[in-house]
1. For region 88-144, which residues satisfy the criterion of being closer than 18 Å to residue 76 by Cβ and of a type in the set (A, V, I, L, M, F, W, C)?
2. Just one of 103, 95, 91 is of a type in the set (A, V, I, L, M, F, W, C) and under 30 Å from residue 68 (Cβ atoms); which is it?
3. Return the residues of region 50-76 that are touching a helix residue (DSSP H, G or I) at 6+ places or on another chain (Cβ under 6 Å) and closer than 14 Å to residue 144 by Cβ; say none if nothing qualifies.
4. Quick one: how many residues across region 104-124 are of a type in the set (Val, Ile, Thr) and under 15 Å from residue 82 (Cα atoms)?
5. Show me the strands (runs of 3 or more DSSP E) entirely contained within region 53-144 in which 3 or more residues are touching a strand residue (DSSP E or B) at 6+ places or on another chain (Cβ under 7 Å), in contact (Cβ under 8 Å) with a residue 40 or more places away in the chain and not aromatic (Phe, Trp, Tyr).
6. Residues that are of a type in the set (A, V, I, L, M), surrounded by 10 or more Cβ atoms within 10 Å (Cβ to Cβ) and closer than 13 Å to residue 118 by Cα: does region 62-77 have at least one?
7. Taking the condition loosely packed, with under 10 Cβ neighbours inside 10 Å and of a type outside the set (Asp, Glu), does residue 125 pass?
Amino acid sequence: MLHTTCNNKGMGMVEVLIAIFLTSVAVLSILALQPSGWKAMAKSDFAGRAAEVLYNTLEDYQVRISNPCNAVTTGNQVQQTVTTSGEADAIQGDITYTVDVNIVQTNVDPQTFVVTVTVTWPGNTRGISESLSITRQEIYKFGC
């Protein structure tokens, strides 16, 4: 059996100083991670909002192109700007996204179009991009 010496005096000054030092190091290391956490959160916020703008734009073009009564203009479309507030003019704290749309008619089927949407924002000129193949369908004919 292991015999240890035990005194009933409690923790000494050295132990207390070591505990304070270790706790301080732990707290400071957590605080050092704070700025990178805020940056990561901001990047994901920008990208998440851009994804919402991108998919809303794709859905809008899908609805328009699916209806054979609507004329489709191929090529680059007029560049749009979208604010996070949804207002026409940017207000304080708004993020302005730039939306570029390109429509190409496929060679395989003249009723099929490929829509490519690219959304960029300040600080990210590459942005995010997605393509969708859309076919005109008689079942969606409305307003002719």
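No lab work stands behind these numbers, since they all come straight from the coordinates. Source: prediction; values computed, not measured. Virtual Cβ from ideal backbone geometry, glycine too; neighbours counted across all protein chains shown.
1. Passing the criteria: 99, 101, 103, 104, 113, 114, 115, 117, 119, 128, 132, 134.
2. Details: 95 fails: under 30 Å from residue 68 (Cβ atoms); 91 fails: under 30 Å from residue 68 (Cβ atoms).
Going through 103, 95, 91 in turn, the sole match is 103.
3. Let us first name the residues in region 50-76 that are touching a helix residue (DSSP H, G or I) at 6+ places or on another chain (Cβ under 6 Å), namely 66-67, 70, 72.
Hits for region 50-76 are 66, 67, 70.
4. At the first step, the residues of region 104-124 found to be of a type in the set (Val, Ile, Thr) are 104, 106, 108, 112, 114-120.
From the residues that got through so far, the ones that are under 15 Å from residue 82 (Cα atoms) too are 117-120.
So the answer is 4.
5. Working: elements: 80-83, 96-105, 112-121, 124-135.
Of the strands (runs of 3 or more DSSP E) lying wholly inside region 53-144, those with at least 3 residues that are touching a strand residue (DSSP E or B) at 6+ places or on another chain (Cβ under 7 Å), in contact (Cβ under 8 Å) with a residue 40 or more places away in the chain and not aromatic (Phe, Trp, Tyr) span 96-105, 112-121, 124-135.
6. To start, the set of residues in region 62-77 that are of a type in the set (A, V, I, L, M) comprises 63, 65, 71-72.
Narrowing the set further to residues that are surrounded by 10 or more Cβ atoms within 10 Å (Cβ to Cβ) leaves 63, 65, 72.
Now restrict to residues that are closer than 13 Å to residue 118 by Cα: none.
No, region 62-77 contains no residue that is of a type in the set (A, V, I, L, M), surrounded by 10 or more Cβ atoms within 10 Å (Cβ to Cβ) and closer than 13 Å to residue 118 by Cα.
7. Numbers: loosely packed, with under 10 Cβ neighbours inside 10 Å: yes; of a type outside the set (Asp, Glu): yes.
Judged against the criteria, residue 125 is a match.
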